[in-house]
Amino acid sequence: MATVELSSIRKVYPGGVEAVRDVSLVVPNGSFTVLLGPSGCGKSTLLRMIAGLETTTSGECKIGERVVNEVEPADRDIAMVFQNYALYPHMSVYDNMAYGLRNRGTPKAEIDKRVREAASLLAIEDFLSRKPRALSGGQRQRVAMGRAIVREPQVFLFDEPLSNLDAKLRVTMRLEIRRLHNRLNATSIFVTHDQVEAMTLADQVVVMNAGRIEQIGAPGEVYKHPASRFVASFIGAPAMNLMPGKIAEAGIVETPAGRLPYDKNRFHAAGEVEVGIRPEDIHAAGGADGILFTPELAEELGATRLLHGSFGDTPVIIAIPASGTVHEKKEMRLSIDPAAVHLFDKVTGRSLVR
Amino acid sequence: MQKRAIFGSTSLPYLLLLPQLAVVAVFFYWPASQALWQSFLLEDAFGLSSTFVWFENYSELFADSGYYRTMMTTAVFAVMVAGLSLSLALLLAVQADKAIHGAGIYRTLLIWPYAVAPAVAGVLWIFMFQPSLGVVAQGIRSLGIAWNPLLNGNDALILVVLASTWKQISYNFLFFLAGLQSIPRAVIEAAAIDGASGTRRFWTIILPLLSPTVFFLVVVNIVYVFFDTFGIIDAMTQGGPSKATETLVYKVFFDGRLGGNLGSSAAQSVILMILVVGLTAIQFRFIERRVAY
Ligand SMILES: Nc1ncnc2c1ncn2[C@@H]1O[C@H](COP(=O)(O)OP(=O)(O)O)[C@@H](O)[C@H]1O
Ligand SMILES: [Mg+2]
């Protein structure tokens, strides 16, 4: 267990791509931190710098009390689980897990004990003598985890370890990773582009965009109080509805949906803004007043129903409970809770929260 | 499901195969059967008539101590050239792989000069080491080293070994580099995190994963030494001095063309042919089963 501390980390690849720009981040001891962002935003690069697989262009990386910028990957006391597992194809499952311990000169009896413990924890005892190619994707994933566990490292690093699994297995393995983390009391850093994965796994979500951190916070926090338009649209499925707005007076913003009240104690805004409302915060109004909305298309998701339509010219999605029937092309009235209205700066996209 | 083309008539597939079969027949089966037939014949001194002598050419060959000596020379030659060219090529490939890992299109461009240059240089080598006129040969002698491949059998063997190695390195290099590049980078990174030093990584991860390539190249190199080095030997030493650099294939040529002993020469070709067929068979069997992890 250790704290990981990054200060003003930058990475410029040879060729000039600036993959990570000035990232500062504290991963507290024992936390499960998820780096979340779209493909190409620099998540893997950041993780690989923590692992020591990439050099840092500038900035400092600390694991525990030690600055590790110049420390070899092997000596950082970390373990990494790769996206395509990166198992040693010519070694048995047992040898795959024992390899790191053998390299460190661990006594044979100790190796055997640890490998068997990890194998039983991951339910792969029956495959110990098999080669990786004789395993299914999920089993390979477990072996990769086992290889990380036996080393008993300070920090676990995961680079999209679930993206090669089918949807159902992904959900199971997700739970299992979280359970393992709790049980091993480890510090984990997990990279993913899948916001559901991030929300379900993390104590702390780090939302990244174009090499920068957009927001750091608990899953509920980044969902409820997105710090920027990017975070607002990236987290939540379907994405938050965004529309242009103009502050009419403190507490009222004019939008294509009409004049909407917002929480003026929370937001400090004037002039032109960007208004964000989550689909699930828009409800059917009981009576005859409310915002006029004509659904053009309905998507049934089981418990909820997504209605696609528009406010004026602005396309809007709303999510309502899937009870009763909806008549497409039939007008309905909607209401929006003032507390659910988010305001963002039109230019910078930052939240206008006080 | 098996992929299978459906032909309307039975003769069409054979018709389509015909050109390929014709090539194989004209350039392989016909000469091979000629050699086989010839190996059972004994020509008179003037080459005017020949008699069928069954296995006499073969039994004479195996009674000849010179033939065993040539076999030994060939074996030494093969082990040295294959060993040297494989290990040097692997060393170069590992270095090149480090330098160009993940460099995309540059990789291909970088490989080209490696591929072409040594083949050209192989010819140069022959000129440079040419015992009487070659620059390098003169240089070595001016250093006071008694270097005379024209008279000293070991010097001559070293010379042809070096020249043959040089010519083969680029070929091996290309295969090794391709093999190295196909090892997933993450596997090597995982080993680095697992605490394996560079050398340990090489012996425990890289070399085992490269073993199919190594095995393939061993066989190809042996076949190369057996046959393709003919030109080098002919140009540099003509098998001399006193047969110190005479390999099996050179002896075929020497006995048949210069010695006029067509029967023995043919018998030797047949033996060589069997050797190569054997080697190739082993290669196919092993590559499909054992060496692939
Ligand atoms: N080895 C490399 N050389 C040059 N550019 C790279 C390299 N690896 C990644 N990049 C670039 O850096 C950026 C971030 O990549 P990466 O960290 O892999 O993103 P993510 O993991 O978030 O998808 C991308 O634009 C990518 O093209
Ligand atoms: Mg990535």
query = Among the residues of segment A:69-91, which ones have their accessible area go down by 20 Å² or more when all the protein chains sit together, as opposed to their chain alone (1.4 Å probe)?
reply = A:Pro73, A:Ala74, A:Phe82, A:Ala86, A:Tyr88, A:Pro89, A:His90
task = First measure r as the distance between the Cβ atoms of B:Thr10 and B:Trp30, then evaluate 1/(1 + (r/R0)^6) with R0 = 25 Å and state the FRET efficiency to the nearest 0.05.
result = 0.40
request  = Using the Kyte-Doolittle scale, find the helices of chain A whose mean hydropathy is at least -0.5 and whose Cα atoms extend 15 Å or more along the helix's long axis, counting only whole DSSP H runs.
outcome  = A:137-150
message = How large is the convex hull of the C-alpha atoms of chain A per residue, in Å³?
response = 167 Å³
For B:Gly240, distant residues with modelled amide H under 5 Å away = B:Thr245
remark   = Taking a probe of 1.4 Å and leaving out DNA, RNA and ligands, the protein assembly as shown shows per residue an accessible area in Å² of 50 Å²
message = With just the Cα atoms defining each centre, how far is segment A:215-285 from segment B:25-44? Give it in Å.
response = 90 Å
note = Gyration tensor (Cα only) of segment A:43-163 to equivalent ellipsoid, semi-axes in Å sorted down, yields 27, 17, 11
inquiry  = Counting protein heavy atoms only and a 1.4 angstrom probe, how many square angstrom of accessible surface do chains A and B bury in total, to the nearest 100?
reply    = 1700 Å²
Those trypsin sites (Lys or Arg not before Pro) in segment B:131-213 that DSSP places in a loop and that have at most 10 other beta carbons within 10 Å = none
query = Roughly speaking, what is the centre-to-centre gap between segment B:149-164 and segment A:40-112 when only Cα atoms are used, to the nearest Å?
reply = 50 Å
inquiry  = Could you work out the percent of alpha carbon pairs in segment B:196-293 separated by over 23 Å, rounded to a whole number?
reply    = 45 percent
inquiry  = I'd like the carbon and sulfur percentage of the solvent accessible area for segment A:4-227, probe radius 1.4 Å, heavy atoms only, ligands and nucleic acids excluded.
reply    = 47 percent
ask   = Which percent, nearest 5, of DSSP beta bridges in the protein assembly as shown are antiparallel?
value = 75 percent
note = Binned at 5 Å starting from 0, the alpha-carbon pair-distance distribution of segment A:217-354 in whole percents comes out as 2, 10, 20, 23, 20, 14, 8, 3, 0
note = Taking only the alpha-carbon positions of the protein assembly as shown as identical scatterers, the Debye log10 I(q)/I(0) at q = 0.08, 0.09, 0.12 Å⁻¹ comes out as -0.83, -0.94, -1.23
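The values are calculated or read from the model by the stated rules, or taken from the named source; none is laboratory data. In this text, all values refer to a predicted model and were calculated from it rather than measured experimentally. Glycine also receives a Cβ, built like all others from the backbone with ideal geometry; neighbour counts cover every protein chain displayed. Please note that ligands, DNA and RNA were not included when accessible areas were found on the heavy atoms of the full protein model with its side chains. Shrake-Rupley method; radii C 1.70, N 1.55, O 1.52, S 1.80 Å.
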